1. On a straight-distance basis, which aspartates and glutamates could pair with LYS304 in a cross-link, Cα separation under 13 angstrom, same-chain partners fewer than 8 positions away excluded?
2. Counting other C-beta atoms within 10 Å, and keeping those with at most 16, which DSSP coil chymotrypsin sites (Phe, Trp or Tyr not before Pro) do you find in segment 325-428?
3. As I understand it, the value is the acute angle between the Cα axis of helix 410-419 and the longest principal axis of the Cα atoms of the chain; what does it come to in degrees, rounded to 10?
4. Taking the Cα centre of the chain as origin, work out the dipole magnitude from +1 charges on Lys and Arg Cβ and -1 charges on Asp and Glu Cβ, in debye rounded to 20.
5. Expected output is a single nm value to one decimal: the length gained when fully extending between THR26 and SER109, i.e. 0.36 nm times separation in residues minus the C-alpha distance. What is it?
6. Over the chain, with every protein chain in place, what whole percent of the accessible area is carbon and sulfur at 1.4 Å, could you tell me?
7. For SER88, what residues show an amide H to amide H distance below 5 Å, using hydrogens built from the backbone and excluding near sequence neighbours?
8. Which residues among segment 209-238 fall inside the zone where the amide N is under 12 Å from a point 7 Å beyond the Cα of TRP429, along Cα→Cβ?
Amino acid sequence: MYISVKKLLSEGKIAQDVTLKGWVRTFRSNRFIALNDGSTIENVQVVVDFENTSEELLKRITTGAAVEIHGSVVESQGKGQSIEVQASNVIVLGDSNPETYPIQPKKHSFEFLREHAHLRVRTNVFGAIMRVRSVLSFAIHDYFQRNGFFYVHTPIITGSDAEGAGEMFRVTTLDAKNPPLTEEGKVDYKKDFFGRETNLTVSGQLEGETFAMALGKIYTFGPTFRAENSNTSRHLAEFWMIEPEVAFLDLDGNMDLAEDFIKYVLKYTLERCREDIEFLNTRFLEEEKTKPQNERSTMSLIEKLEFVINNNFKRVSYTEAIDILKNSNHNKKKKFQYIIDEWGADLQSEHERYLVEKHFECPVILYDYPAKIKAFYMRLNEDGKTVRAMDILFPGIGEIVGGSQREERYDVLIEKIKSVGIEEKDLWWYLDLRKFGSAVHSGFGLGFERLVLFATGMSNIRDVIPFPRTPQNAEF
């Protein structure tokens, strides 16, 4: 059996015989291999007896090569490590051509690494990001399972548009060049595989609600898709969503749940990924130095994480937020791209970040939004113009969570569905929930990649998912 580099560095004993397997990061002076196997950000130094190693083998030990090392643990003579491995035998398991291997031991731009997404995880930055992503995923399940939630797998192929935005990817088996047509000249989806028009899901929420109204507390965690032609650093066409739904929970309870959940998963990850986050913290600080003084973060990555974990989120109504933005110097001096001049405006990322980073200087929960700018399923307030919606805003990110108390009244929901042009027959099963044992219930959606973005201090969402899907890009 071979031992992982992580276990060796934490438990290895002097004179212990070990077998290691991993990839060569660097090979110096025909003698020193920096070996990494992905289990930790740290490399282990392997010392090769070059005088008793064939020249042919030495030439094959190149950056990127997969090797197997047999040797003995010895006290390190170099700086930065307490132990190293004196190799008795080196076996090259997979050669790497130094002329063509793109991930050489030097600094690469993130744009370059996205073009080599199949290899970028071998770098320190992306290895750290993906280990953090893995631990965050587990923390999410851990939180919900500890708190009595049931994990539900909602459909990826759906006939409903939960967001009502219409930006969905179509799923079809019809001939793209010559689809069957109705007498009116429209595509005849009755002859499609499912007998109706279907799409990739934008949310598992509606189906999740059906399970919450039977199991009490449920969550989904799966891929979702948006055909939004947006090439920003915050948008993906394919991403992962966490969506809890809870029966008998109102908006206040929903805000409590979301805040507690975020604090738990970030604390869990910070404790278990300390080495990786400390490395990413150093990278974050170096990156900040390249920005103009007025755009630099006032906190390090670790300070931001600890700030969120240890402080209460500020809760502010949409109406109060609009007043703050409208009367701000940023707005008066037209520093916002989108000027706030009236109640009812749909807040942009620049407004959300201003509230978090400039005004309150802490995470913010906005609630009670205008009904006209929110989805049909959100509960209408007694004023008839706002809904029981809530968004959580984070520094550097803007909106990270969107949720609401759901509309549980059948007659009100019917009217809202009609007003947005959704056919009643398309959501008959969703309406049934309001006819048979309806009750107050709430939930929220959290874009997983935005959470990873915050936890790692990265600035582009394409760098926190293994293989990003964006407009004009479905490589790998």
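The values are calculated or read from the model by the stated rules, or taken from the named source; none is laboratory data. Please read all numbers here as calculations on a predicted model, not as lab measurements. When we count neighbours, we look across all protein chains shown, and the Cβ atoms used for this are built from the backbone with ideal geometry, even at glycine. Keep in mind that these areas ignore ligands, DNA and RNA; they rest on the heavy atoms of the full protein, side chains included. Shrake-Rupley method; radii C 1.70, N 1.55, O 1.52, S 1.80 Å.
1. GLU278, GLU357, GLU361
2. Working: sites: PHE336, TYR338, TRP343, TYR354, PHE360, TYR367, PHE376, TYR377, TYR410, TRP428; in loops: PHE336, TYR338, TRP343, PHE376, TYR377.
Loop-located and lightly packed - PHE336, TYR338, TRP343.
3. Helix 410-419 sits roughly 80 degrees off the main axis of the chain.
4. Working: 60 positive and 71 negative charges, 168 e Å.
Dipole size: approximately 800 debye.
5. Result: 27.9 nm gained on full extension.
6. Details: 11600 of 24010 Å².
Roughly 48 percent, rounded to a whole number.
7. HIS70, GLY71, SER72
8. Taking a point 7 Å out along Cα→Cβ of TRP429, the residues of segment 209-238 whose backbone N falls under 12 Å are 209-211.
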